[in-house]
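Have a look at the structure below, then the notes.
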Amino acid sequence: MISSERFAKLLCTAWMLCAATAVCLAEEQELVPVAQRSPSARTLLLGVGRTGQLDTYLSPMEYKGLQLNFLLQAERMTRMAHRHISFQSTLQGAFTKTDNPASSAKYWGGRLAYDAGWHYHYSPLPHLDLKGGGLIGADLGFLYNDRNGNNPAQGRFSIDLSLSAGAGYDFGIPLGHRNGHPRRLPMRLSYQADLPMLGMMFCPEFGESYYEISQRGVGHDLICAHPGNSLSLRQLLLLDFRLKRVTWRIGYLCDIRQSNARSLKYHDVSHSFMIGFVRHFQLMKSPSPGLPQRGGVER
């Protein structure tokens, strides 16, 4: 593990703990209403970037290369705590192709992760929205080495509970005047960090073959995951802007997954540029008591 990466993660962890503490203290103060926004938003992001992968079960060398990924996210405000609590779900997928330093072998990898949870929102300042909460998620993936003859592939599986914190700020960029009125391009800058705290992960023993795993059972290789043996962090920095009645979203995704257990080391550190769009929905009540009480109208 690189010391500079560890320092950055510890710094982000301290920031998240401070944000979570601020959320708890905010309950004892007079809350400013959450910034006005759509009760429901759905996001599609596509990304491309670079990743570095190390899995000592397959090879002692780090492989680096290309990553293609997508992210589907849905968020809606609930009625809990006077509409200060939102529910968020995220589906993330990635495909990787990496090479060793000598370009003599390749990793082919795939990953699919889903998490969902709740955030508590409050606005200490106009146009500023802070949130903190927790997520529960599952992560499934694989790595395949095209040169290994024995045990050419490694599976990844984990379930964890995560702390989550974020912030959003609304602002605008002046675009001059039209008919004597100032014009502005509305924008929103947001950030979210998710830190897994406790869970369970699949981790074979050093030198254990998949034939032995099948004979002994997968349950033998499920271990407790915590920051001491699998310190991981996902950070997402986004910028929203509205053009031609479409809310566009661009951003940066830093996803760090790693573990150090049973004499095996693993990490997957990726940096991706993301681009996509956001669709906002306004939930409406049915005009008749006999009809369903939920419907969606796009805004």
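Under the condition of being touching a residue at least 24 places away in the same chain (Cβ under 8 Å), polar (S, T, N, Q) and surrounded by fewer than 19 Cβ atoms within 10 Å (Cβ to Cβ), which residue from the stretch 200-234 is farthest from ILE136 (Cα to Cα)?
Ranking the candidates gives SER209 first.
Taking the stretch 110-153 as the search range and keeping residues that are part of a strand (DSSP E or B) and touching a helix residue (DSSP H, G or I) at 6+ places or on another chain (Cβ under 7 Å), which one is surrounded by the most Cβ atoms within 10 Å (Cβ to Cβ)?
Residue satisfying both the conditions and the ranking: GLY132.
Given the criterion farther than 23 Å from GLY149 by Cβ, touching a residue at least 40 places away in the same chain (Cβ under 8 Å) and among the β-branched types (Val, Ile, Thr), identify the matching residue among THR96, THR51.
THR51
Among the residues of the stretch 54-94, which ones are of a type in the set (Ser, Thr, Tyr) and either closer than 30 Å to SER209 by Cβ or outside any strand (DSSP E or B) (or both)?
THR56, TYR57, SER59, TYR63, THR78
Looking at the structure I just gave you, is SER162 in contact (Cβ under 8 Å) with a residue 60 or more places away in the chain and buried (at least 16 other Cβ atoms within 10 Å of the Cβ)?
For SER162, the condition - in contact (Cβ under 8 Å) with a residue 60 or more places away in the chain and buried (at least 16 other Cβ atoms within 10 Å of the Cβ) - is not met.
For SER104, are the conditions met, namely being polar (S, T, N, Q) and outside any strand (DSSP E or B)?
Criteria met by SER104.
Would you say PRO174 is touching a residue at least 60 places away in the same chain (Cβ under 8 Å) and exposed (fewer than 14 other Cβ atoms within 10 Å of the Cβ)?
Against the criterion (touching a residue at least 60 places away in the same chain (Cβ under 8 Å) and exposed (fewer than 14 other Cβ atoms within 10 Å of the Cβ)), PRO174 does not qualify.
Let me confirm something: among SER89, SER104, SER59, which residue is free of Cβ contacts under 8 Å to residues at least 40 places away in the same chain and among the polar types (S, T, N, Q)?
SER89
Values quoted throughout were computed directly from the atomic coordinates according to the rules given, and no laboratory measurement underlies them. Bear in mind the structure is a predicted one, so any value in this text is a computation, not a measurement. Every residue, glycine among them, receives a Cβ derived from its backbone with ideal geometry; neighbour counts consider all protein chains shown.
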